[in-house]
Each structure stands twice: as C-alpha cells, then as structure tokens.
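Novice: The structure's right below; bear with me while I get my questions together.
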Amino acid sequence: MARAHQPITILMADDDPGDRLLAEKALDASRLANEFHFVENGEELLAYLRHAGAYVDRERFPDPDVILLDLNMPRMDGREAIQAIRGDAGLRHLPIVVLTTSEDDADIYRAYQLGANSYITKPVTFDALVEVMRGLGNYWVEIVKLPPGGRCG
C-alpha cells in the first residue's frame, strides 16, 4: 500500500534562484501538501542530508523523502552528489530525481549509471513545470512505497 495523501518532504538542490522559485511556485500550484527545502549545490546537499553545519536542526531540516537534483552546480555538481549519496550507507536509499536542463544522452545515461531513480528535463513553460511537479507529487505520494521514518540504515 502506498503512502496515500501523506505529505512528503522534497529537497531540491539547484544553484539557480529563479529555478528554485519556479519549482516552489509550481509545487504550490499543483496543490500538493508537501514540505519543500532548497540547497544551492552538492556540498550543501550532503551537509543537509548528514545534518551537519547549518543543517543540524532536524526539525527545521527534516530528512527528505525525495531529492530533486540539478546536474550543473558549482562546488559539487549533481553527478558527484549522486555518487556521494549512493556511496553512503545511511543515504543510499533516498530516491534521486534529476531535474535539469540537459537533454544530452550522455548525461541521461551517466545519471542512471550513477544511481538516479528518474531523469526529467526541466520544462520550458511554467504550466509544464506545474504538470511535472503534480506528476512527481502524485507518484511519490500516491503510488510509491517509501521506507518508514525516512531512514533505512
């Protein structure tokens, strides 16, 4: 049985403030009750996931149920972040959805090879982004069975 109608926590790693704002507005417009958090690069993503540095407060920074990950970020890009997450026994269970502008077949192949669960090219229009967020929300809220308590290790 899926987690029907239970809110999920989404963590988005994207260095573009405009993309983060659009994603948040699209999630709101999709009318799904989810908690949404942002980080700007792979290093911040790992700090958040490990509750290190500025992210020690688990109440303010809860464990995510799903990670939305841009590939092209400074300091640690999405590919490196996938590798680090999949290499960490306490994090490797987390679903990673690559949400990026790249349509390059090599990027798609590499993301899946590294352990991404899904790969989505960012839509060009806001309405299309709303539909993507609605679909992601419905999938992760209505269909998928996630580990209880957000942690597996």
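Novice: Calculate how many DSSP beta bridges within the chain are antiparallel, expressed in % of all such bridges and rounded to the nearest 5.
Specialist: Percentage antiparallel, nearest 5: 0.
Novice: Going by amide H atoms built from the backbone, whose H comes under 5 Å of the H on residue 13, apart from near neighbours?
Specialist: Placed amide hydrogens put 39, 68, 69, 70 under 5 Å from residue 13.
Novice: Show 145, 122 ordered by accessible area, largest first, where the area counts protein heavy atoms only and the probe is 1.4 Å.
Specialist: Result of the area sort, largest leading: 145, 122.
Novice: What dipole magnitude, in Debye to the nearest 20, does the chain give about its Cα centre under +1 on Lys/Arg Cβ and -1 on Asp/Glu Cβ?
Specialist: 660
Novice: What net charge do the residues around residue 76 carry, taking every other residue with its C-beta under 11 Å from that of residue 76, with Lys and Arg at +1 and Asp and Glu at -1?
Specialist: Every neighbour counted, the sum reads -4.
Novice: May I pose another question? I need the phi-derived Karplus couplings for segment 100-117: 6.51 cos²θ - 1.76 cosθ + 1.60, θ = phi - 60°, integer Hz, Gly and Pro marked x.
Specialist: Result, ordered by residue: 9, 7, 6, 10, 5, 4, 5, 5, 4, 4, 5, 4, 5, 4, 6, x, 5, 8 Hz.
Novice: While we're here: Please build a GNM for the chain, connecting alpha carbons under 10 Å apart, and tell me which residue among 35, 103, 24 fluctuates the most.
Specialist: Greatest mean-square fluctuation among the candidates belongs to 103.
Novice: Gap in Å between the Cα centre of segment 95-148 and the Cα centre of segment 60-85?
Specialist: Taking the Cα centre of segment 95-148 as reference, the centre of segment 60-85 is 13 Å away.
Novice: Now for a different question. Taking the convex hull of the Cα atoms, report for the chain its projected area averaged over all directions, in nm².
Specialist: Hull-based average projected area comes out at 8.6 nm².
Novice: What accessible area, in Å² to the nearest ten, does a 1.4 Å probe give for residue 114?
Specialist: For residue 114, solvent-accessible area is about 30 Å².
Novice: When only DSSP loop residues count, what trypsin sites (Lys or Arg not before Pro) in segment 72-142 have their Cβ near at most 15 other Cβ atoms within 10 Å?
Specialist: Answer by residue number: 75, 92.
Novice: HN-Hα J couplings of segment 136-145 from phi, Karplus 6.51/-1.76/1.60, θ = phi - 60°, integer Hz, Gly and Pro as x?
Specialist: Running phi through 6.51 cos²θ - 1.76 cosθ + 1.60 with θ = phi - 60° gives 4, x, 4, 4, 6, 8, 8, 9, 6, 9 Hz.
Novice: May I pose another question? Got the relative contact order for the chain handy, in percent, Cα pairs under 8 Å and 6 or more residues apart?
Specialist: 30
Novice: Starting at the first residue of segment 76-83, write each ³J(HN,Hα) from the Karplus equation 6.51 cos²θ - 1.76 cosθ + 1.60 with θ = phi - 60°, in whole Hz, x for Gly and Pro.
Specialist: Here the 3J(HN,Hα) series is 8, 7, x, 5, 5, 5, 4, 4 Hz.
Novice: Leaving ligands, DNA and RNA out of it, rank 82, 108 by accessible area with a 1.4 Å probe, largest first.
Specialist: 108, 82
The values are calculated or read from the model by the stated rules, or taken from the named source; none is laboratory data. Since we're looking at a predicted model, the values are computed, not measured. Note that we place each Cβ from the backbone using ideal geometry, even for glycine, and neighbour counts take in every protein chain shown. Protein only, heavy atoms only, side chains kept; ligands, DNA and RNA dropped before computing areas. Shrake-Rupley method; radii C 1.70, N 1.55, O 1.52, S 1.80 Å.
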